[in-house]
Amino acid sequence: MSRFGSDPLSFFNSVYQNIAPWDIGAPQPAMAALVEKCPPSNPILDLGCGSGDLAIYLAKLGHQVVGIDFVESAIKNAQYKAATLPKETAQSLSFHVADALKPPYPQEKFGAIFDSGFYHLFNPDQCEKLIDEVASILKPYGCYYLHEFAIEFPVPNVPRHISIDELQTRFTVEKGWRIKEIQTVEFLSRVAPPVPATCACIERLPV
């Protein structure tokens, strides 16, 4: 069972009927700081891209970015934003409706995969599947960038607490990963004070 009921798509469709709480009109500051400290390689995949602010930010930095999300209205919003960008930036950016637990790019390898508030939506067993999917489409020495809640809320339909310890346990050298950067930061929203978060850049080692 999902953390968001038996039909997560319906839940997130309802959230995107209005501006989603996590849509702050820009990338999360902690993720932007991580990008500056650990510059990504192309091409980039943004998992659960929502209305596209992080992907657009990366494209403006000169990167080639694909954003995917299973909420059609979020993708349409992202595509609308992309259409207003300078032509050169817009051409390096694409958005698609897709299930990020089943990325539709089995033959393509990415230099970086971004995950701003996606991993924390899943229970631990689902996170294992997500990590396997990420590993299968990430180039050797490519990086997985995460920014997730580090707080547990005692209510239904909320993200999971992702600790530094959890990431250090899941992403080990023995499993083909090297943590380049990991820290406690904040996650901003439009509707509540900032909450504690875990931010990490994790390199995929050659197997």
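Based on a Kirkwood Rh over C-alpha pairs, give the Stokes-Einstein translational diffusion coefficient of region 127-207 at 25 °C and viscosity 0.890 mPa s in µm²/s.
180
Rank Tyr80, Ile182, Ile162 by how far each Cα sits towards the positive end of the charge dipole of region 80-182 (+1 on Lys, Arg Cβ; -1 on Asp, Glu Cβ) and give me just the farthest.
Tyr80
Please give the Cα centre distance for region 132-199 versus region 44-109, rounded to the nearest Å.
For region 132-199 versus region 44-109, the Cα centre distance is 20 Å.
Gain in length, Tyr141 to Lys129, computed as 0.36 nm per residue apart minus the alpha-carbon separation, to one decimal in nm?
That works out to 2.3 nm of additional length.
Going by a 4.7 Å Cβ-Cβ cut-off, which cysteines of the chain have no partner at all?
Cysteines lacking a close Cβ partner in the chain: Cys49, Cys127, Cys143, Cys199.
Within the chain, what's the longest stretch lacking GluC sites (Glu not before Pro) that sit in DSSP loops with no more than 14 other Cβ atoms inside 10 Å?
1-107
If you take every residue apart from His96 with its C-beta less than 13 Å away from the C-beta of His96, what net charge results, scoring Lys and Arg +1 and Asp and Glu -1?
-3
Note down the nm distance, to one decimal, between modelled labels 7 Å out along Cα→Cβ at Lys175 and at Ile19.
3.7
What order, most packed first, do the peptides 94-100, 80-86 have when packing is the mean number of other Cβ atoms within 10 Å of each residue?
Per-residue mean Cβ counts within 10 Å order the peptides as 94-100, 80-86.
Taking only Cα atoms of the chain, what ratio of Rg to Rh do you get with Rh as the Kirkwood inverse-distance radius?
Using Cα coordinates only, the ratio equals 0.93.
Which value in deg cm²/dmol, rounded to the nearest 500, describes the helix-derived mean residue ellipticity at 222 nm for the chain, given -39,500 (n - 2.57) per DSSP H run of n ≥ 4 and division by the residue count?
Rounded to the nearest 500, the figure is -8500 deg cm²/dmol.
Quick one: if the Förster radius is 30 Å, what FRET efficiency do Glu88 and Phe153 give, using the C-beta to C-beta distance and rounding to 0.05?
Computed FRET efficiency for Glu88 and Phe153 comes out at 0.10.
Can you pick out the pairs among Lys60/Lys81; Lys102/Lys139; Lys37/Lys87 whose Cα atoms lie more than 23 Å from each other?
Long pairs (Cα-Cα over 23 Å): Lys37/Lys87.
Just in region 178-207: which trypsin sites (Lys or Arg not before Pro) are loop by DSSP and have at most 15 other Cβ atoms within 10 Å?
Filter output for region 178-207: Arg190.
Only Cα pairs within less than 10 Å get springs; with that Gaussian network setup on the chain, which residue of Val134, Val191, Val66 has the largest fluctuation?
Val191
Give, in nm to one decimal, the length gained when the segment between Asp165 and Val195 is fully stretched (0.36 nm per residue of separation minus the Cα-Cα distance).
Extra length available between Asp165 and Val195 comes to 9.0 nm.
Mind checking the dipole of region 24-194: about its Cα centre, +1 per Lys or Arg Cβ, -1 per Asp or Glu Cβ, Debye to the nearest 20?
460
Values quoted throughout were computed directly from the atomic coordinates according to the rules given, and no laboratory measurement underlies them. All values derive from a computational prediction rather than experimental measurement. Every residue, glycine among them, receives a Cβ derived from its backbone with ideal geometry; neighbour counts consider all protein chains shown.
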